[in-house]
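Below: one structure, written as C-alpha cells.
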Amino acid sequence: LDLFQITNFCHKAGIQVVFATETGKVPSADILLTRDEGVLFGKLGADPGPKADYFEMEKSEAFQNPITWSSIVASDYNGMLLAGGHAPGMKQYLDSSVLQQKVSEFWALDRPVGAICHGVLLLSRCKANGTSESVLKGKKTTTLPKYMENMAYYLTFWKLGKYYRTYDMHCETEVTLNLASPKDFECGPTNMGNRATLWDDSVAFVVQDGKYISGRWPGDAYLFGKKFMQLVTNTPEPSSPPSSISTSSSTSTS
C-alpha cells in the first residue's frame, strides 16, 4: 500500500496525481493487505493509516481514471513514482518493456523519480540513453533488503507459497547487479517490522541521490512521501499539466 500512502500525501498537498496502469484498468490493492484479518493470523497486513489512505484515494477521480502505460508522455510531468509490491501478479508491471521504455524516457529529463520496494527493481531494469546499462548505474539506492524478503517468506511459505517471493532472485541481489558498485546499495538500519507513521518516521530509511529517492518497504512510505513531495515541488513546472506526478502500478499493488 506504499503507493497510496505517498500519493494521498501528495494529493492533499495540492499536487495533481495521474495514475497509470497497463491497460487503463482501475487498480486495486491486494485484498490480503487490506482485510481486517491481515495476511496471516492477523499479522503482516497494512496498518490502519495506510488502509485509510487507500480507501480515501480509491474514491478520487484520478484513481478511477488511470491512463495506460503506453500513453505516458514523459515531458508532461514533474515527477514519476514507481510503486512497490510483491507476489507473481506484479510481474506484468516489473517485466513490462513498454513501461521500462517510458520510465527511461522520463529519467532522461532529469526530473524527480521516486521508487520504493520492488519499484526500484523495475527502475534498475530501465536502460540509460539507449545503452545496455541501467539508469541506476552510478546512483546510490536502497530497495527491499534480502533479510526482509526472507523474513516474510519464511513466516508464510507453508501457507502462502511464494506470495512474498516474486522471483527466485532476491530484489536486493538483482538491483545490486545493475549498480556501478555493490557499495552503491544501502541497506539501512536493521528493521524487524517497525513501521513509521505520519507523526513519527524515526524508524524509516530512504536514500536520496540528486533527484532520485528510494525506499525499502511500506514502513518507509511516510518519510519517502515527504521527501518525494519536496523534490517535486522544488522542480520548475512543465507547460502541461502543472504540478503533476505520474504514478505507475500494476492493477494490483501493495
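Structure notes:
- Residue within region 171-183 that is closer than 20 Å to Asp2 by Cβ and in a loop (DSSP other than H, G, I, E, B) present: no
Residue-wise test of (1) within 28 Å of Val175 (Cα to Cα); (2) buried (at least 16 other Cβ atoms within 10 Å of the Cβ); (3) under 16 Å from the mean Cα position of the chain (by Cα).
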{"residue": "Gln16", "(1), (2), (3)": "no, no, no"}
{"residue": "Thr23", "(1), (2), (3)": "yes, no, no"}
{"residue": "Phe41", "(1), (2), (3)": "no, no, no"}
{"residue": "Lys59", "(1), (2), (3)": "no, no, no"}
{"residue": "Asn65", "(1), (2), (3)": "no, no, no"}
{"residue": "Leu82", "(1), (2), (3)": "yes, yes, yes"}
{"residue": "Gly85", "(1), (2), (3)": "yes, yes, yes"}
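- Only residues that are more than 13 Å from Asp2 (Cβ to Cβ), open to solvent by 30 Å² or more (accessible area, probe 1.4 Å) and not aromatic (Phe, Trp, Tyr) were counted in region 192-217, giving 13.
- Residues satisfying the stated conditions in region 163-172, i.e. touching a helix residue (DSSP H, G or I) at 6+ places or on another chain (Cβ under 7 Å) and either surrounded by fewer than 18 Cβ atoms within 10 Å (Cβ to Cβ) or closer than 20 Å to Pro189 by Cβ (or both): His170, Cys171, Glu172
For every residue, the table says whether it meets (1) open to solvent by 40 Å² or more (accessible area, probe 1.4 Å); (2) closer than 23 Å to Asn78 by Cβ; (3) more than 14 Å from the chain's Cα centre (by Cα); (4) touching a residue at least 24 places away in the same chain (Cβ under 8 Å).
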{"position": "Phe106", "(1), (2), (3), (4)": "no, yes, yes, yes"}
{"position": "Ala115", "(1), (2), (3), (4)": "no, yes, no, yes"}
{"position": "Val120", "(1), (2), (3), (4)": "no, yes, no, yes"}
{"position": "Ser124", "(1), (2), (3), (4)": "no, yes, no, yes"}
{"position": "Ala128", "(1), (2), (3), (4)": "no, yes, yes, yes"}
{"position": "Ser132", "(1), (2), (3), (4)": "yes, no, yes, no"}
{"position": "Tyr147", "(1), (2), (3), (4)": "yes, no, yes, yes"}
{"position": "Ala152", "(1), (2), (3), (4)": "no, no, yes, yes"}
{"position": "Trp158", "(1), (2), (3), (4)": "yes, no, yes, no"}
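- Condition met for Thr233 (open to solvent by 30 Å² or more (accessible area, probe 1.4 Å), β-branched (Val, Ile, Thr), at pLDDT 95 or above and under 29 Å from Trp69 (Cα atoms)): no
- Cβ-Cβ distances below 6 Å connect the following pairs, each with a first residue in region 56-69 that is in a loop (DSSP other than H, G, I, E, B), a second residue that is small (Gly, Ala, Ser), and a separation of six or more residues or different chains: Pro66/Ala20; Pro66/Gly24.
- Meets criteria (charged (D, E, K, R), closer than 26 Å to Gly188 by Cα, at pLDDT 95 or above and out of contact with any strand residue (DSSP E or B) (no Cβ under 7 Å at 6 or more places or on another chain)) for Asp95: no
- Look at region 192-203: where a residue is touching a residue at least 24 places away in the same chain (Cβ under 8 Å) and within 17 Å of Lys227 (Cβ to Cβ) and a partner is in a loop (DSSP other than H, G, I, E, B) and open to solvent by 70 Å² or more (accessible area, probe 1.4 Å), sitting 6+ places away or on another chain with Cβ atoms under 8 Å, you get Ala196/Ser202.
- Hey, Tyr163 modelled with pLDDT under 95, aromatic (Phe, Trp, Tyr) and in a helix (DSSP H, G or I) or not: no
- Restricting attention to region 179-191, the residues that are open to solvent by 60 Å² or more (accessible area, probe 1.4 Å) and among the acidic types (Asp, Glu) add up to 1.
The values are calculated or read from the model by the stated rules, or taken from the named source; none is laboratory data. Please read these numbers as outputs of a predicted model, since none were measured by experiment. Backbone-built Cβ (ideal geometry, glycine too); neighbour counts: all protein chains shown. The accessibility values were calculated without ligands, DNA or RNA, using every heavy atom of the protein model including side chains. Shrake-Rupley method; radii C 1.70, N 1.55, O 1.52, S 1.80 Å.
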